[in-house]
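Presented below is the structure to which this report refers.
The values are calculated or read from the model by the stated rules, or taken from the named source; none is laboratory data. Quick caveat, the model's predicted, so the values are computed rather than measured. Heads up, the Cβs are rebuilt from the backbone with ideal geometry, glycines too, and the neighbour counts pull from every protein chain shown. Side chains included, ligands, DNA and RNA excluded: accessible areas come from the protein's heavy atoms. Shrake-Rupley method; radii C 1.70, N 1.55, O 1.52, S 1.80 Å.
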Amino acid sequence: MDTRFFAAWLEECARVVHEQREYLTRLDAAIGDADHGNNLDRGFTGIRQALAENAPKTPGSLLALAGTTLVRKVGGASGPLYGSALRQMGKALGDAETVGLAELTGALETGLQTVRRLGGAEVGDKTMVDALAPACVALRRAVEEGVKPQEALSRAADAADKGAKDTVSMQARKGRASYLGPRSIGHQDPGATSTALILAALRDVAVSWAEPGAAGP
Amino acid sequence: MKKLINDAESVVADALAGMAAAHPSLRVDVRNRIVLRASGPRPGKVAVVSGGGSGHEPLHAGYVGYGMLDAACPGEIFTSPVPDQMLEAGQRMHGGAGVLFVVKNYTGDVLNFEMAAEALAEEGIEVASVLVNDDVAVQDSVYTAGRRGTGATVLVEKITGALAETGAPLAEIALTGEEVNARSRSFGIALTPCVTPAAGEPTFELGPNEVELGIGIHGEPGRTRTALEPARELVRIAMDAINDDLPLSGDVLVMVNGMGGTPLIELYVVFAEVAAYLRRKGANVTRRLVGNYITSLDMQGFSVTVCRLDERLTLLWDAPVETPALRWGR
């Protein structure tokens with residue numbers, strides 16, 4: 001997976017977040033403060049602009065630039081969380097010009113650690129960790145089994161999606177929704193949902209690049 | 001829902017342009033999203049900087065001026081500002097004595113201010129933060145992100161701002177801010193949800209005869225919902241929650257705050273009940289504020305903040321202040 005692959009991923013994220021911004025904001029209105037979709041949309045639009053102005057040479061520098069852009073544009077909790085996670089993922093990838101599945105898995109795990117450290121959330125707290133952590137577990141297992149990247153990333157996306165849906169029955173213990181106590185139960189967490197969308201975008205890009213005639217990931 | 005706006009996307013920038021036009025005492029940098037004292041930094045004075053989501057006007061930009069804030073960083077509606085804003089504000093208002101950040105306890109505000117504090121420290125500028133967490137509606141436990149910062153923010157900004165004006169050192173001002181926070185408690189009640197310009201519809205549904213108890217300031221629902229009662233009963237609920245947490249006696253400052261959509265006549269009805277409650281408890285209301293000080297867009301409702309004063313804090317509260325939204329003694 002090269003720089004162009006990761007640029008395609010961020011481009012797909014921007015497209016999906018823009019398309020789903022009202023859905024994310026609606027989820028947030030139920031248990032938060034009704035801005036998650038618009039905030040992420042502003043951030044990923046900023047990434048599009050930043051990438052149009054700069055052309056990072058490596059996947060690492062591309063993700064780092066994307067992370068810095070999110071921190072600068074988003075605000076709220078999702079700006080520092082997603083932004084720092086992407087930035088640390090970029091650092092973890094170093095100067096490599098292409099990235100294998102194992103390196104990508106390691107970088108995502110670094111992203112998860114960053115989110116945990118900043119937000120202090122664990123699995124079960126009804127946050128983006130509930131989508132990101134199972135995705136990392138699924139990915140690590142796939143690496144160990146030696147499956148193809150598109151299959152591995154499909155499993156990760158499925159795990160994230162299931163993780164996001166599982167937040168419906170949880171009581172929030174971190175973030176704005178925690179103030180609702182038991183009333184947060186019955187609503188899907190917007191942060192876990194956007195994480196699932198971002199990982200689904202990663203899968204979709206990997207699958208389309210693996211199709212005959214396309215440049216393989 | 002009707003809003004006096006040009007475009008939902010440009011609400012904050014358009015409002016900042018309006019503030020700049022309305023208040024020559026402010027220097028408003030619309031591009032960087034910061035509001036500064038036009039007089040610039042004062043050498044040897046700690047710069048008091050705050051910020052948070054927009055939609056809580058006059059908080060925070062309305063409190064920029066002599067005796068209160070040196071700068072405010074407005075975020076998008078109900079969204080914390082980004083670290084670049086606080087960094088820019090700190091750099092521009094630093095008078096050589098350090099920067100105090102007044103931060104409300106919301107995850108986003110805390111994270112972004114922490115990142116800005118790190119960046120300022122890397123530039124060799126001394127930074128301290130006061131975290132405001134006065135909302136007794138939140139059970140303070142490991143199961144939440146901690147108590148929210150609400151009405152006491154206004155008090156912390158006023159009192160730390162007054163102390164900074166005397167040339168006091170950063171550490172002392174930060175400690176005093178923490179003391180104000182520790183002596184203050186708030187509780188909020190909503191009669192209606194609010195409407196953010198981007199969503200264009202209420203953030204939650206509330207029946208015509210229902211109220212939300214224990215709201216914050218972001219249009220989020222409170223902890224429980226109950227039937228609308230007379231003001232006296234709603235005040236009793238709010239004041240009992242405060243008094244259970246911080247027994248009220250001695251001299252107190254009371255702020256009865258409107259959430260943005262409640263007329264002053266109702267806030268005075270509430271204030272009368274708050275004053276009567278405190279009299280029954282044997283507390284003396286020595287300082288008071290009634291009005292819209294930390295709002296939630298067009299939400300109807302109120303919050304009560306009580307701070308147990310001592311002589312020193314009373315003097316700092318009485319010290320002159322000259323800002324768009326708070327002004328006396330000068």
So what does log10 I(q)/I(0) come out to for chain B at q = 0.07, 0.13, 0.15 Å⁻¹, using the Debye formula with one equal point on every Cα and no solvent?
-0.25, -0.92, -1.24
Using a 1.4 Å probe on heavy atoms of the protein chains only, the accessible area for B:Ile237 in Å², nearest 10, reads 40 Å²
Starting from the Cα gyration tensor of the range B:133-256, multiply each eigenvalue by 5, take the square root, and state the resulting semi-axes largest first in whole Å.
30, 18, 13
How far is helix A:129-145 tilted off the main Cα axis of chain A, in degrees rounded to 10, range 0 to 90?
30 degrees
Once each part is reduced to its C-alpha centroid, what is the distance from the range A:120-181 to the range A:38-110 in angstrom?
19 Å
Below 8 Å, C-alpha to C-alpha, sequence gap of six or more: please give me the relative contact order for chain B in percent.
18 percent
Any residues in the range B:212-244 that have 50 Å² or more less accessible area with all protein chains than in their chain alone, probe 1.4 Å, and which are they?
B:Pro221, B:Arg223
Looking at the range A:87-174, which GluC sites (Glu not before Pro) are DSSP coil and have at most 12 other C-beta atoms within 10 Å of their C-beta?
A:Glu97
Here the relative contact order (percent) of chain A, from C-alpha pairs under 8 Å and at least 6 apart, is 21 percent
Alpha-carbon centroid distance for the pair the range B:162-183 / the range B:218-250, whole angstrom:
29 Å
Which values, in whole Å and largest first, are the semi-axes of the equivalent ellipsoid of the range A:79-170 obtained as the square root of 5 times each eigenvalue of the Cα gyration tensor?
22, 18, 9
On a 0 to 90 degree scale, rounded to 10, what angle separates helix A:59-73 from the longest Cα axis of chain A?
30 degrees
Highest-MSF residue in chain B out of B:Asn257, B:Asn292, B:Asn284 [GNM, Cα springs under 10 Å]:
B:Asn284
Test of the criteria: in the range B:202-249, which GluC sites (Glu not before Pro) are in a DSSP loop and have at most 12 other Cβ atoms within 10 angstrom of their Cβ?
B:Glu205
Taking 7 Å along the Cα-to-C-beta vector as the label spot, tell me the A:Arg15-B:Glu233 distance in nanometres, rounded to one decimal.
5.6 nm
Give me the accessible area buried between chains A and B, both sides summed, with a 1.4 Å probe, in Å² rounded to the nearest 100.
2500 Å²
Cα lying deepest toward the dipole's positive end in chain A, options A:Leu101, A:Thr69, A:Thr3, charges on Cβ:
A:Thr69
When the protein assembly as shown is reduced to its Cα atoms, the Kirkwood hydrodynamic radius in Å:
24.0 Å
Where only alpha carbons of chain A are counted, the Rg and the Dmax (Å)
16.1, 52
Tell me the mean residue ellipticity at 222 nm calculated for chain A from its helices only (DSSP H runs of n ≥ 4, each -39500 (n - 2.57), averaged over every residue, nearest 500).
-23500 deg cm²/dmol
Å² of accessible area per residue within the protein assembly as shown, as computed with a 1.4 Å probe and no ligands counted:
38 Å²
With the cut-off at 26 Å, tell me which of the pairs A:Lys73/B:Lys45; B:Lys45/B:Lys104; B:Lys2/B:Lys158; B:Lys104/B:Lys158 have Cα atoms farther apart than that.
A:Lys73/B:Lys45; B:Lys2/B:Lys158
What is the helix-to-structure angle for A:101-119, meaning the angle in degrees between its Cα long axis and the longest Cα principal axis of chain A, kept from 0 to 90 and rounded to the nearest 10?
30 degrees
Using alpha carbon positions and the Kirkwood radius, the Rg to Rh ratio of the range B:10-182 is 0.94
Between the range B:11-76 and the range B:79-130, the Cα center-to-center distance that results, in Å
14 Å
Lys/Arg Cβ at +1, Asp/Glu Cβ at -1, dipole of the protein assembly as shown taken about the Cα centre: which of A:Ala30, A:Leu139, B:Ala231 is farthest positive-ward?
B:Ala231
